[in-house]
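One structure is given here, and the rest of the page talks about it.
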Amino acid sequence: MQHSTYRILTTHAGSLARPADLLEMVRTKEAGQPYDHAAFVARVRTAVAEVVGKQLDVGIDVVSDGEQGKPGFANYVKDRLTGLVARTGVPPRISSDQAEFPDFQPPEGGTLNTRRMVCIGPLGWQDRTAVQTDIENFQAALQAVQPTEAFLPTVSPGTLAQNVLNEYYKDEEAFLFAVADVMREEYHAIVQAGFLLQIDSPDLAMGWHTQFPDKTLAEFRTIIARRVEALNHALAGIPPERVRHHICWGNGERPHHKDVELQHIIDILLTAQVGALYVEGANPRHGHEWKVFREVQLPEGMVVIPGVIDTKTNIIEHPELVADRIMNYASVVGRENVIAGTDCGFGTSADRTRVAPSISWAKLQALAEGARLASARLWG
Amino acid sequence: MGRYAQRRAEPGIDKEDQEMKRSTDRILTTHAGSLPKPPDLDAMLRTKEAGQPYDAPALQQRLACAVAEVVQQQAEHGLDIISDGEQSKTSFTTYLSERLAGIETRRGAMARAVSDRQRQDFPEYFAAQRTASPGVGRRQFYCVGPLQYIGRDAVQTDIANLQNAMAGVQVEEAFIPAVAVGTVEHWIANEYYPSDEAFLFALADALHAEYRAIVEAGFILQIDNPNLPDGFGLYTHLDVRAYRKFQELRIAVLNRSIAGLPASRIRMHVCWGAHKGPHNTDIPLKDIVDLMLAVQVEAYSVEAANPRHAHEWHLWEHVKLPAGKILIPGVVGHDSDTIEHPELVAERLCNYAAVVGRDNVIAGTDCGFGTSRLHPTIAHLKLQTLVEGARLASQKLWGR
């Protein structure tokens, strides 16, 4: 994995806004309506090429495929795995940060993520070609350009254990490790293709206020420690320096005042066998947590990717603020160990465009400009 | 500018024993004025504003009661310098339309907004946010005769309601907000006076009556002047240089409007418009800070929490806050429904204390929480996090 050896590198959390026409195709496909499969496949391929070019245009160093072909960062697996169905009518969980005011409606938008995945049979692969298509689309897009590095995002076992209702395996433990056993194939495929692997583990942070609001902190820590073990099981054989691990508290503009504190889970996060720890660091609930890294001894060679751009709001960060944030992290973990990122994705669910697409690109520009300012300060 | 500020100190105002409270042994807390209103009161006010029949005694009664409630809430949160929450006003600025003679109301929507400069960059975002601009509803206002202040009863009602509400609560101080001349100019079109200057000075003299009533009642007067920053978004034909020239007159007029009132009883709030848009074209504070400091008030309340302006504390590394003045940075904002962590609030306050001195900082909010789009519960949780953050900062700054 590239470090920021002579300047601060930039990246983001993976998903990016889809073009309007592709989004319409995704909607039709997800609604189970007839759609032109060949046209969809072709459009995803061109969209990946476009989104790679745009990332380079705005100054992103470590680029992704923008998850252009996926309906969401996690629920895409329902089309790839056996044993899963998408069910409507499962009541949504009420997060503890929303419980105090039931009349508050988080302005999250989007409907693609409202169906709940349910596990009703043994997990296995029904479509091994999907990840190969992701890889080939990305490789094709990268033929014409040369970014510093490229990554493909994928979902963690723990996040599927959080998002999927298990009705088949005997308990959560059995389900968690069954997910790990099946997802490892996708992880290996991405690494073998030469890309950095990004594991998306929002569950390790957001799980407390969304899935387990009634658990104590100690109980929650036990749960996520086990989930990290399941992740390590799935990552066995993959060099840690090829893996970045994204943690977040949920990509919604909502109170977040019940979020677990980073200081209370950081030791567990650091047990993951990965080369980069990627955490939210921009939004006002977590903007102070750069200080947590003062107290933490990072494993040798580990990179920290802090979010320095909020992906929940439409106000565009001033590049000077981005630079301040990067400087804070550099002061505690060393400049070469910081890569500047965004808090989360700009298209976590394909149709959840709380941040207008044009504004999301302006935010990425502010990220790159802020990294330039910070680099000038840090390297003189 | 001095030539405009000719009014002498007025009787009835005793400067000597009315110093503005400062953060002498801890960081004091305040906010920008407006707070969420009870829905029933809001409905009554809108009925009245729309010119429909309403029950005047019931409104007066509900208003007095709402002010008492909002004062009680602020005291319970632990806020030090509190307001009436602007419970009597549907808008921090157009409330004045009911307090001025010489203006006429016509049907139609305002043609411009403080977000206009950004709108050019992100048209599809603004098209999707039909209500993103803090407009003034389906009314337009025109000055068609000599301006005169006719709001004496209204402001005395505000004063009496706040005085009554203060009985029995423990707070350091209280303020009442009132709008600044330049901000009123955003929504009243002059069709009567021969020049902008004549119109503005007439407006200044009319507003002075309201300001004076608030100061004489013993409250801190907060002049709401978002116009200084957010006018740049509205007057899109002006570049920074021309905009500064444009504002110089507005600042002179503002000083005229408060001339004769003790600066020690006045604070001014400036901000870049309480909408949640991109704000990429906001004029930087550095380009207007000298104009802001030219206003003869004791304290300056400035938006500083949101990510477009959170870096601007660095400005005070180079710009000296004049002796005796107070800075009230916004350390919680309306730009996000996410509630600031108290440690982040404390970090922000410590940054300001480091550059202007702890005694010269009071913790504030970016803008009013009644005019912005925050859920009422979130607004109150943000005020709690403000107080908690100030407590943490005080521990760090005073070492206890």
Within region A:300-326, of all residues that are farther than 13 Å from A:Gly287 by Cα and surrounded by fewer than 22 Cβ atoms within 10 Å (Cβ to Cβ), the one farthest from the chain's Cα centre (by Cα) is A:Glu320
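Of everything in region B:92-124 that's of a type in the set (A, V, I, L, M) and either within 13 Å of another protein chain (Cβ to nearest Cβ) or assigned to a loop (DSSP other than H, G, I, E, B) (or both), which residue is farthest from B:Leu238 (Cα to Cα)?
Step one: list which residues in region B:92-124 are of a type in the set (A, V, I, L, M), which gives B:96, B:100-101, B:103, B:109-111, B:113-114.
Narrowing the set further to residues that are either within 13 Å of another protein chain (Cβ to nearest Cβ) or assigned to a loop (DSSP other than H, G, I, E, B) (or both) leaves B:109-111, B:113-114.
On the way: B:Ala109: 23, B:Met110: 20, B:Ala111: 17, B:Ala113: 15, B:Val114: 13 Å.
Ranking the candidates gives B:Ala109 first.
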Over region B:298-317, the set of residues at the interface with chain A (Cβ under 9 Å from one of its Cβ atoms) and small (Gly, Ala, Ser) is B:Ala305, B:Ala310
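If you take just the strands (runs of 3 or more DSSP E) that sit entirely in region B:172-273, which of them hold at least 3 residues that are under 14 Å from the mean Cα position of the chain (by Cα), buried (at least 17 other Cβ atoms within 10 Å of the Cβ) and among the aliphatic types (A, V, I, L, M)? Give the steps one after another, and end with the answer.
Values: elements: B:173-179, B:188-190, B:220-224, B:266-270.
Strands (runs of 3 or more DSSP E) meeting the threshold: B:173-179, B:220-224, B:266-270.
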With the condition kept exactly as written, say whether any residue in region B:50-61 is within 30 Å of B:Asp366 (Cβ to Cβ), at pLDDT below 95 and not small (Gly, Ala, Ser). no
Of the residues in region A:265-299 that are assigned to a loop (DSSP other than H, G, I, E, B) and either among the hydroxyl-bearing types (Ser, Thr, Tyr) or surrounded by fewer than 19 Cβ atoms within 10 Å (Cβ to Cβ) (or both), the one that is farthest from the other protein chains (Cβ to nearest Cβ) is A:Gln273
When every residue in region B:359-378 that is surrounded by 19 or more Cβ atoms within 10 Å (Cβ to Cβ) and in contact with a His (Cβ under 8 Å, 6 or more places away or on another chain) is compared, the one modelled with the lowest pLDDT is B:Ser372
Going through region A:68-99 in order, the residues found to be farther than 21 Å from A:Ile247 by Cα, in contact with a helix residue (DSSP H, G or I) (Cβ under 8 Å, 6 or more places away or on another chain) and not in a loop (DSSP other than H, G, I, E, B) are A:Asp79, A:Leu81, A:Leu84, A:Val85, A:Ala86
Within region A:231-263, residues being more than 18 Å from the chain's Cα centre (by Cα) and more than 13 Å from chain B (Cβ to nearest Cβ) number 5
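Hey, among the residues in region A:201-217 that are within 18 Å of A:Glu173 (Cα to Cα) and surrounded by fewer than 23 Cβ atoms within 10 Å (Cβ to Cβ), which one's farthest from the chain's Cα centre (by Cα)? Reasoning before the result, please.
So the first thing to find is which residues in region A:201-217 are within 18 Å of A:Glu173 (Cα to Cα), and the list is A:201, A:203-204, A:207-208, A:211-212, A:215.
From the residues that got through so far, the ones that are surrounded by fewer than 23 Cβ atoms within 10 Å (Cβ to Cβ) too are A:211-212, A:215.
On the way: A:Gln211: 18, A:Phe212: 20, A:Lys215: 25 Å.
Among those that are within 18 Å of A:Glu173 (Cα to Cα) and surrounded by fewer than 23 Cβ atoms within 10 Å (Cβ to Cβ), it is A:Lys215.
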Scanning region A:350-360 for residues that are more than 10 Å from chain B (Cβ to nearest Cβ) and either closer than 15 Å to B:Phe122 by Cβ or surrounded by fewer than 24 Cβ atoms within 10 Å (Cβ to Cβ) (or both), the one modelled with the highest pLDDT turns out to be A:Ser360
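Would it be correct to say that A:Gly380 is more than 14 Å from chain B (Cβ to nearest Cβ) and surrounded by 21 or more Cβ atoms within 10 Å (Cβ to Cβ)?
No, not satisfied.
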Pairs returned, first residue in region B:289-303 that is closer than 20 Å to B:Gly33 by Cα, second residue that is part of a loop (DSSP other than H, G, I, E, B) and among the charged types (D, E, K, R), beta-carbon separation under 8 angstrom, 6 or more apart or interchain, are B:Glu298/B:Lys325; B:Ala299/B:Lys325; B:Tyr300/B:Lys325; B:Glu303/B:Asp366
inquiry  = Condition first: in a strand (DSSP E or B), crowded, with 21+ Cβ neighbours inside 10 Å and in contact with a strand residue (DSSP E or B) (Cβ under 6 Å, 6 or more places away or on another chain). Can you find one or more residues in region A:137-152 that meet it?
reply    = yes
With the first residue restricted to region B:325-351 and required to be within 11 Å of chain A (Cβ to nearest Cβ), and the second required to be part of a strand (DSSP E or B), Cβ contacts under 6 Å at 6 or more apart or on different chains are B:Val331/B:Ala363; B:Val332/B:Thr365; B:Glu340/B:Val332; B:Val345/B:Val331; B:Arg348/B:Val331
A:Arg335 facing another protein chain (nearest Cβ under 10 Å), out of contact with any Asp or Glu (no Cβ under 8 Å at 6 or more places or on another chain) and touching a residue at least 40 places away in the same chain (Cβ under 8 Å)
no
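The values are calculated or read from the model by the stated rules, or taken from the named source; none is laboratory data. Note that the structure is predicted; figures quoted are calculated from it, not measured. Every residue, glycine as well, gets a Cβ built from its backbone with ideal geometry; the counts of neighbours run over all protein chains shown.
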